[in-house]
Structures are given as structure tokens and as C-alpha cells.
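Asks: This is the structure, below, for whatever I ask next.
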Amino acid sequence: MHHHADANLDDILWKTRRWNGSAAYAESKLHDAMLAFAVARRWPAVLSNALEPGWVPTKMGGPGAPDDMDQARLTQAWLAAGDDPKARVTGGYFYHLKQIAPNPQAEAPAPRDRLIAICAGISGVTLPR
């Protein structure tokens, strides 16, 4: 879902926009990828990636969701604990055991840095260098 989202960093908390749950969810997935890539850039020795499990049949996805639940969990486990050199990377975006291109906003340094600053302002926690 993040592929078609805009980061909307001027209104990350939805204070001025009319609420849209689907858009908010998609933005949050984009923000997740931005944060994963920011960690990868700040700490190259730490493997920090983002993934798309797909539209899977969960309570949220619904029983008619077309993606394979096994593929969703396999990608997560493969990245977290796999020995495959293709999984031992950082700053990647994955779908069904393959690295794919993320939303371009996720890879742009300036929006990522701005998101880090916004998160620090909201949480009071600064991401160490």
C-alpha cells in the first residue's frame, strides 16, 4: 500500500486533513520503510530492511485477500534469521523473498531526516547517530 502513499510530513498526525483510515495506514507503511532505511543509513552494520507481506487473509485483510500468508511470514523469517546472502543486506525493501523498489520517498534522504526529526519531537526520543 505504501507505493501509492505520500509521506504528508506537514500533517503526519492528521490534524488538518480529513481522516481517511486507508490513506493513514498506507502512509504509516511508507513511514515504516523510511525509518528502516534511516536506521540502515545511520548504522550500516545493523541489518534494517522493510517488507511488504502482501494483502493476506487476516482479520484486517479479510478472508478474500489474494496473497499467500505463508509467503508473508517466510519473507519476515528469511530476513530476520536466514543465511541466504540475498537476505543479509541492509536498506532493502522486500516482497515474497525478493528485493523490490520501494516508494521513492522512502529512499530520499531529506524526507527521511525530516521524519526522524518529527518522530523525535513527538516522542522526545532522539535516534542516535
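The values are calculated or read from the model by the stated rules, or taken from the named source; none is laboratory data. Worth saying up front: this structure is predicted, and the values here are computed from it rather than measured. Quick reminder, even Gly has a Cβ in these numbers, built from the backbone with ideal geometry, and neighbours come from all protein chains shown. For the accessible areas, the whole protein counts, side chains as well, though only heavy atoms, and no ligand, DNA or RNA atoms are used. Shrake-Rupley method; radii C 1.70, N 1.55, O 1.52, S 1.80 Å.
Asks: Heads up, I need the accessible area for residue 46: 1.4 angstrom probe, whole protein in place, Å², nearest 10.
Replies: About 70 Å², ignoring ligands and nucleic acids.
Asks: Quick check: at a probe of 1.4 Å, how many percent of the accessible area of the chain sits on carbon and sulfur atoms? Intermediate values should be presented prior to the final figure.
Replies: Values: 4610 of 7830 Å².
That fraction is 59 percent.
Asks: Follow-up question, since we're still on this one. Is the shape of segment 39-113 rounded, prolate or oblate, going by the alpha carbon gyration tensor and its root eigenvalues a ≥ b ≥ c, with a/c under 1.5 for rounded and a/b larger than b/c for prolate? If you can, show how the numbers build up before the last one.
Replies: Working: a/c = 2.67, a/b = 1.48, b/c = 1.81.
Judged from the Cα gyration tensor, segment 39-113 comes out oblate (a/c at least 1.5, b/c at or above a/b).
Asks: Among residues other than residue 99 whose Cβ falls under 15 Å from its Cβ, what is the net charge (Lys/Arg +1, Asp/Glu -1)? Let's see the in-between values first.
Replies: Values: positive: 86, 88, 98; negative: 52, 84, 107.
Residues near residue 99 contribute 0 overall.
Asks: Work from the charge dipole of segment 18-129 (Cβ charges, +1 for Lys and Arg, -1 for Asp and Glu, about the Cα centre) and give the residue of 35, 118, 82 farthest towards its positive end.
Replies: It is 118.
Asks: Under the rule a/c < 1.5 gives rounded, and otherwise a/b versus b/c splits prolate from oblate, where does segment 60-101 land using the Cα gyration tensor? Mind showing how you got there, number by number?
Replies: Details: a/c = 3.02, a/b = 2.01, b/c = 1.50.
In terms of gyration-tensor shape, prolate.
Asks: Next question, about the same structure. For residue 15, go through the lysines and keep the ones whose alpha-carbon is under 21 Å away, minus same-chain ones fewer than eight residues off.
Replies: Hits, sequence-local ones excluded: 29.
Asks: For Rg and Dmax of the Cα atoms in Å, several values are listed as (i) 15.4, 46; (ii) 15.6, 53; (iii) 13.8, 40; flag the one computed from this structure.
Replies: It is the value labelled (i).
Asks: Show me the helices of the chain, taken as full DSSP H stretches, that run 15 Å or more along their long axis by Cα and average 0.5 or above in Kyte-Doolittle hydropathy.
Replies: Numbers: long enough: 21-42 (31 Å, 0.12); 69-81 (18 Å, 0.01); 109-123 (21 Å, 0.55).
Length and hydropathy pass: 109-123.
Asks: On average, how much accessible surface per residue is there in segment 6-124, in Å², for a 1.4 Å probe, leaving out ligands, DNA and RNA? If you can, show how the numbers build up before the last one.
Replies: Values: 6950 Å² over 119 residues.
Value for segment 6-124: 58 Å² per residue.
Asks: If you put +1 on each Lys and Arg Cβ and -1 on each Asp and Glu Cβ, how big is the dipole of the chain around its Cα centre, in Debye rounded to 20? Numbers along the way, then the final one.
Replies: Numbers: 14 positive and 13 negative charges, 70 e Å.
Dipole of the chain, to the nearest 20 debye: 340 debye.
Asks: When the dipole is taken about the Cα centre of segment 38-86, and only Lys, Arg (+1) and Asp, Glu (-1) are charged at their Cβ, what size is it in debye, to the nearest 20? Mind dumping the intermediate values first?
Replies: Numbers: 5 positive and 6 negative charges, 64 e Å.
For segment 38-86, the charge dipole is close to 300 debye.
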